Amino acid sequence: GEMIRIGIDVGGTNTDAAVLSGDKLIAAGKHFTTPDVTEGVIKVVQKVLISADLKPSQVQLVAIGTTHFMNAVVQRKHLSPVAVFRLGFPKSLIPPLSSWPEDMRKPHRTYIIPGGHEFDGRGGLEFDESLLRQYCRDAISNGIKYAVVSGIFSPIRPIQENYAAKVIEEEGLDVTISNELGSLGLLERENTSCLNASLREMAKITVTKFKSSFAEMGFVCPIMLTQNDGTLISCDIVSKFPIRTFSSGATNSMRGAFFLSNIEDAIVIDIGGTTTDVGIIANGLPVESALETEVISGITLNTRMPNVKSIGLGGGSLITFHTKEEEQKSGKKFSVGPLSVALELGTKSMVFGGNILTTTDIAVASGLCKIGTHSADRVHEVLKENGVTCQDILKEIRLMIETVVDQVKTKSSLVPVIIVGGGAVLVDKSIPLMGSSTFLQPENFDVANAVGAAIAQVSGSIDVIRCLEKDQTPENRLLQVIEEVTQKAVLNGAIRSTVKPILIDELSLAYIPGSASRIKVKVIGELNLVQLVKNQSSLESEMNTLSFVENKGNENCFRCQSLLVDDRICCPICQKFVCSKCSTKQIRLESKQQQEQQ
């Protein structure tokens, strides 16, 4: 039969879910986002399973998109302190994290160690391992568990940085390696890696909660998350690189808008509960920002994001009336947003019995939608008291949207515009939007983000600097890189025969010897669900070779001799107890080998 997939998108206000059977949407639902993200996810999934008359065991894939990690950075919540080890003394004059806002920089510790390379990957200072180990112990003594290693020009020659990472791991720190996340640009790469490391603990907890919650509900399929480019990555990769999911909400909406409208090239407006995101799709995929860097919460990063502009306008946005003094300054009697009641819309807005005037109240009062538990009489009274009409506010909302659409447009000609998201009810679609050739609100527009998560494909990307090897042509070098990134996509879960390049960019670097070029390649392919299920079953069978036993004594780990405090793990082959840290693939492999020999 057709593949059954559930797509979920966790927004600031609503958590949406959509069930697809093949290419057909068979159920969709919403639930207010809960403070504990997992709770809202479970409730909306239970709702759509009932609507679709499905059992959890019939679902073959769950794909989740969440802005949870981005929100943690914006709100400065749940961020772990990080030790940043830079291999670059004495060349680096600007200290690590020096451009960060003071409140975000304060918890972290930075160390500069002799090391790094020249711009062409040659030479550089000898790496001081003993000093690195000393600094690691200092970081651990200050309660730090997570670390970053960033070397000068490490993307050109990563050997030294990778070795330093092994040393840091040996000392007991969880390390993010900068050349795995960013390209040239030491400060931005360092910033990106530090932010990633500070989110790792939260990512592990969130991913574990997702997996255990779905397992408790009876799901046996793979659980994956969507990343910045709108494609899927495994929970394990998210635990290691949570920063890759920062813009997944916006990209899911763009992919969902393409699927629901069947328009490949357009501008997409996604109006949620708190913000409006406007982006571009080309050939059905989100267009990446042309900028090499992004600024998030005052921190410059070199992770590529989609070309999206966001404004503080959503279904929960507050309508604030100005004093006479404010009106004289701004020329307006009121302002829309950026503050929002967000997930409290169902209790605080007037149509739900609250006393705060929101954009949703205006939409109901003007007849654009019918939601809520109370009439809009109170809304009309408040507007009349302040000498403002519904049409005045709706005109302001339309002007805000038209302004941001104009900023995103890359050509002066008219383009199709697709509007999606629960907050799309704020705009009257019968009136053409300025600059649009078509102004379309597709069916199921309010769950486009969840649909986008469900239809997500698998990608692989690479951004490397390569010199020509002996007897190698530039064409062969490029083919070699394409093959590498294809293998990466296959490892991420793509069907090899469906993998195709969507970006090939090669730039010659005249200042580096050896005919060097910076090569960027990105490929995309369909999800190989059969292989994913096999991989999951294989991992589960390996895990079953170890049994978990309640630890009532104070025995030591057979491998590292550390004291066993909580649970101990008994290997059924050698009948020895080990700690959870030592219960890795190595032990599983040894157990498997011994079983085969027996």
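Just to verify a result, which residue in the stretch 71-118, among those that are assigned to a helix (DSSP H, G or I) and modelled with pLDDT under 80, is most open to solvent (accessible area, probe 1.4 Å)?
Only one residue fits best here, namely Gln75.
Checking the condition over 24 Å from Gly422 (Cβ atoms), assigned to a helix (DSSP H, G or I), among the hydrophobic types (A, V, I, L, M, F, W, C) and open to solvent by 20 Å² or more (accessible area, probe 1.4 Å), which residue from Ile156, Ile243, Ile205, Ile168 passes?
Ile205
Looking at Ser261 and the list (1) modelled with pLDDT of 90 or more; (2) within 10 Å of the chain's Cα centre (by Cα); (3) open to solvent by 10 Å² or more (accessible area, probe 1.4 Å), which single condition is not satisfied?
Status for Ser261: all satisfied but (2).
Can you say whether Phe32 is within 27 Å of Ser349 (Cα to Cα), open to solvent by 40 Å² or more (accessible area, probe 1.4 Å) and aromatic (Phe, Trp, Tyr), as far as the supplied structure shows?
The answer is yes for Phe32.
What single numbered condition from (1) open to solvent by 60 Å² or more (accessible area, probe 1.4 Å); (2) touching a Leu at 6+ places or on another chain (Cβ under 7 Å) fails to hold for Ile371?
(2)
What residue, of Leu187, Leu173, is under 26 Å from the mean Cα position of the chain (by Cα) and open to solvent by less than 40 Å² (accessible area, probe 1.4 Å)?
Selected residue: Leu173, the only one of Leu187, Leu173 that is under 26 Å from the mean Cα position of the chain (by Cα) and open to solvent by less than 40 Å² (accessible area, probe 1.4 Å).
List, please: which pairs have Cβ atoms under 7 Å, are six or more places apart or on different chains, and start with a residue in the stretch 513-535 that is within 14 Å of Met3 (Cα to Cα) and open to solvent by 20 Å² or more (accessible area, probe 1.4 Å) and end with one that is at pLDDT below 75 and assigned to a loop (DSSP other than H, G, I, E, B)?
Close Cβ pairs satisfying both conditions: none exist.
Given the conditions (1) over 27 Å from Val425 (Cα atoms); (2) under 19 Å from the mean Cα position of the chain (by Cα); (3) open to solvent by 20 Å² or more (accessible area, probe 1.4 Å), which single one is not true for Gly272?
Of the numbered conditions (1) over 27 Å from Val425 (Cα atoms); (2) under 19 Å from the mean Cα position of the chain (by Cα); (3) open to solvent by 20 Å² or more (accessible area, probe 1.4 Å), the odd one out for Gly272 is (1).
Which one of these is closer than 27 Å to Ile237 by Cβ, open to solvent by less than 10 Å² (accessible area, probe 1.4 Å) and hydrophobic (A, V, I, L, M, F, W, C): Ile8, Ile42?
Going through Ile8, Ile42 in turn, the sole match is Ile8.
Quick check, is Leu479 exposed (fewer than 15 other Cβ atoms within 10 Å of the Cβ) and either aliphatic (A, V, I, L, M) or assigned to a helix (DSSP H, G or I) (or both)?
Spelling it out, Leu479 is indeed exposed (fewer than 15 other Cβ atoms within 10 Å of the Cβ) and either aliphatic (A, V, I, L, M) or assigned to a helix (DSSP H, G or I) (or both).
Within the stretch 139-161, which residues are at pLDDT 90 or above and touching a Phe, Trp or Tyr at 6+ places or on another chain (Cβ under 8 Å)?
Correct list: Ala139, Ala147, Val148, Val149, Ser150, Gln160.
Can you tell me which condition Pro242 does not meet? The list is (1) over 30 Å from Ile371 (Cβ atoms); (2) touching a strand residue (DSSP E or B) at 6+ places or on another chain (Cβ under 6 Å), and all the others hold.
(2)
The values are calculated or read from the model by the stated rules, or taken from the named source; none is laboratory data. Keep in mind it's a predicted model, so treat the numbers as computed, not measured. Positions of Cβ are backbone-derived with ideal geometry, glycine not excepted, and every protein chain shown enters the neighbour counts. Surface accessibility is based on the protein's heavy atoms, side chains included, excluding ligands, DNA and RNA. Shrake-Rupley method; radii C 1.70, N 1.55, O 1.52, S 1.80 Å.
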